[in-house]
Structure formats: structure tokens, C-alpha cells
Amino acid sequence: MKLITEVALPEYSVRLDHQSPVLMMGSCFTENIGRQLERYLFPVCINPFGVTYNPLSVKKGLEALIHKEAYSAEDLKLHNDLWFSFDHYTGFSSPDRDVALEHINRSFASAKELLKKVEILILTWGTSWVYSYNETGQVVCNCHKIPAKEFTRKQLSTREIISAYESFLPELFKFNPALKIINTVSPVRHWKDGAHGSQLSKATLLLAGEALRQKYPDQFFYFPSYEIVMDELRDYRFYAEDMIHTSKQASSYIWEKFQENLVSTSSAKIISDLEPLLKMVEHRPMNNSPESLRNMKIQVRDRVKLLKTEYPELGLERFL
């Protein structure tokens, strides 16, 4: 008996591998998958600009990585005693301008270098709504608690998203000819505009992504995280307490689907071999006696030693 309507996934010609770095940009769903990749020691860079919800801000970040050498003090603004950048989320803000700038540029420099050689770029779009700062007309990544009257809120059309990426993707693929893009739409609903508004926003993103997939079939792929949650996990037990965000169980389920379809066979074996070590490291012992902790460290050390013989390049020393 089948109790769910299972989403059929295509045969992907692209695979994530421990030998190839991955750059991930977009909404908080990017963080969910990214942390799983990070947990299993994939070389991954997650949201160098912070959580970014709309496709135009994601694109703007990529353009900056290609054209900009670094952010300068002139790129920052001050509000509520915090220095910030409209290209970044609030986690980069600081009361000290130099600290904010250093944090921004440290993340920016590593992502800029990575984009030159990365083979897979994962883009997660969350909403088709954007906020433009009235003073400059620019679409912002985050409003940084500046009064709403200083922004204009607008829903992008499918055509606007397609046009923005059609004019940019050839430049991106020229910058890195080996690059493959995996696009996904976040299953986290944006309830501010109600159920219908949320669906319209997601539909806009889905239609734009499909148009780009058809235009660049060898370089632009789609992973149906949104559809998996809406159709396979059609139950509120797969949501967090706010009934909007997905639960840890739902994120784990999507990760399993992602791994099955987009992770190479060799890396799937590494994931399986790492799991016993990760469970040891993440386990909280019931008995915190010195002897118990010492025995646990010995077990971790022995497991690391065993894994290092097969995977010397993984950087397993971090667990010691």
C-alpha cells in the first residue's frame, strides 16, 4: 500500500563529490542542506552574503563576486548604531564599522576565489517579493529594521526574473565554464501575504526556474524540494511549531532525497563510513565521569585513525 504521492526525480547528469567544492546561496533552506554537506565534510561554502531570499539579491551577490574586488567603507550604512551592507543579512552588522567590513570581506574573499573553480552552485529562491530602497532604487538583501516607508515592496514577475538571469548567466558561465547550477525553491511558505499570496510567489519562482532550465539544459538543473514537502510530506507533523518552517525530520527527509539523487557513489560511501564517527562525536554521554570521557576519546581516536587510512584528504583531525 502506498500512503504518499511520491515526487519523481529526473536522472541528473551532475553529482556532488568530496573532491569538488560547492558554493550555496539563497534562503534558509540553503542552510539546511548546506549544514548536512558540511557535517559530512564536503568542501562547501554556505551563503557568503548570509541568508538571501529573493532571486535578484542572489544574482547581485554573484555579480559582486565576479566584478568586485572587495567591499569598502563607502558600501556600508549606519542605522540604530550598527554598520551594515544592503547586500548582506544582519549577521554581518556591527557597531564597529571596521569589524563589519572585515567580516564581510573575509567571507567575500573566500567565496570569490571559490567561484572561479567551483563546479556546482546551488541556488535556493525563497520569495518573488523584493524591497527596493527608495533613496537609491536598489533591491536589498535585508531591510536591517529601517522603517518600511523608506522601501518600496514589489512582487517580481516571472518575466523579470527570467530576464535578469538570461542577461547574467552567459557572463557567469564565461567566468567559470565548468559551472553547473542546481536551482531549488524553498518549501518554507511566506505567510505574510496569506496562503494564495504564498502560492503565487512560489509559482513565479517555479516558472522562472523552469524557463531557465529549458534554456540551459546542460548547465541549469532543478531539485524539487518544494514539491517534496507539498506532496510527499503533506502533514503538519513535518512542520516546526510556527506551522510555516519545516521540521528537522522534514529537512532530514529532503536531505535523503538530495543525497540519493545528487551525491556521487563514492561520496555516498564516505557519508556511510563517517556516520558512526559522527554519532560518537555528537553523542552526549549519560555518565560524564573522567573515565567515561577518556574512553569516548579513545574510541573517537581509533575511528579517526581507521578512516584516515582510506580518506587521508578529508581533514578528519578536526574530530581529535
Lys257: assigned to a helix (DSSP H, G or I), more than 28 Å from Val14 (Cβ to Cβ) and of a type in the set (Lys, Arg), yes or no?
no
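Only one residue in Ser289, Ser247 is at pLDDT below 90, open to solvent by less than 40 Å² (accessible area, probe 1.4 Å), polar (S, T, N, Q) and touching a helix residue (DSSP H, G or I) at 6+ places or on another chain (Cβ under 7 Å). Which one?
Values: Ser289 fails: touching a helix residue (DSSP H, G or I) at 6+ places or on another chain (Cβ under 7 Å).
The unique qualifying residue is Ser247.
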Residue pairs qualifying under the 8 Å Cβ cut-off, at least six apart or on distinct chains, with the first in the stretch 57-85 being at pLDDT 95 or above and among the basic types (Lys, Arg) and the second being part of a strand (DSSP E or B) and surrounded by 15 or more Cβ atoms within 10 Å (Cβ to Cβ), are Lys60/Val139; Lys77/Trp83; Lys77/Phe84
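When the residues of the stretch 137-184 are narrowed to those that are in a strand (DSSP E or B) and of a type in the set (Ser, Thr, Tyr), which ends up surrounded by the most Cβ atoms within 10 Å (Cβ to Cβ)? Reasoning before the result, please.
In the first step, residues of the stretch 137-184 are kept if they are in a strand (DSSP E or B); the result is 139, 151-155, 180-184.
Filter again for of a type in the set (Ser, Thr, Tyr), leaving 152, 184.
Working: Thr152: 13, Thr184: 26.
Per the criteria, the residue is Thr184.
Could you tell me which of the residues Leu306, Leu277 is modelled with pLDDT of 85 or more and either in contact with a strand residue (DSSP E or B) (Cβ under 9 Å, 6 or more places away or on another chain) or closer than 23 Å to Leu16 by Cα (or both)? So that I can check it myself, show each step before the final result.
Details: Leu306 fails: either in contact with a strand residue (DSSP E or B) (Cβ under 9 Å, 6 or more places away or on another chain) or closer than 23 Å to Leu16 by Cα (or both).
Being modelled with pLDDT of 85 or more and either in contact with a strand residue (DSSP E or B) (Cβ under 9 Å, 6 or more places away or on another chain) or closer than 23 Å to Leu16 by Cα (or both) holds for just one of Leu306, Leu277, which is Leu277.
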Residue among Glu69, Glu113 that alone is over 23 Å from Phe221 (Cα atoms), out of contact with any His (no Cβ under 9 Å at 6 or more places or on another chain) and assigned to a helix (DSSP H, G or I):
Glu113
Among (1) among the aliphatic types (A, V, I, L, M); (2) in a strand (DSSP E or B); (3) free of Cβ contacts under 8 Å to residues at least 24 places away in the same chain, there is one condition Val99 misses while meeting the rest; what is its number?
(2)
Exactly one condition in (1) at pLDDT below 80; (2) farther than 30 Å from Val185 by Cβ; (3) part of a helix (DSSP H, G or I); (4) open to solvent by 60 Å² or more (accessible area, probe 1.4 Å) is false for Arg237; which is it?
(2)
Exactly one of Glu256, Glu232 is open to solvent by 20 Å² or more (accessible area, probe 1.4 Å) and either without any contact (Cβ under 8 Å) to a residue 24 or more places away in the chain or within 19 Å of Lys2 (Cα to Cα) (or both), and that one is Glu256
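Residues of the stretch 94-121 being within 23 Å of Ile66 (Cα to Cα) and small (Gly, Ala, Ser), which ones? So that I can check it myself, show each step before the final result.
Here is the first cut: in the stretch 94-121, the ones within 23 Å of Ile66 (Cα to Cα) are 100-121.
The answer is Ala100, Ser107, Ala109, Ser110, Ala111.
The values are calculated or read from the model by the stated rules, or taken from the named source; none is laboratory data. Only a predicted model underlies this, so the values are computations on that prediction, with no experimental measurement involved. For neighbour counting, all protein chains shown are included, and Cβ atoms are generated from backbone atoms with ideal geometry for every residue, glycine included. To get the accessible areas, we keep the full protein, side chains included, count just its heavy atoms, and leave off ligands, DNA and RNA. Shrake-Rupley method; radii C 1.70, N 1.55, O 1.52, S 1.80 Å.
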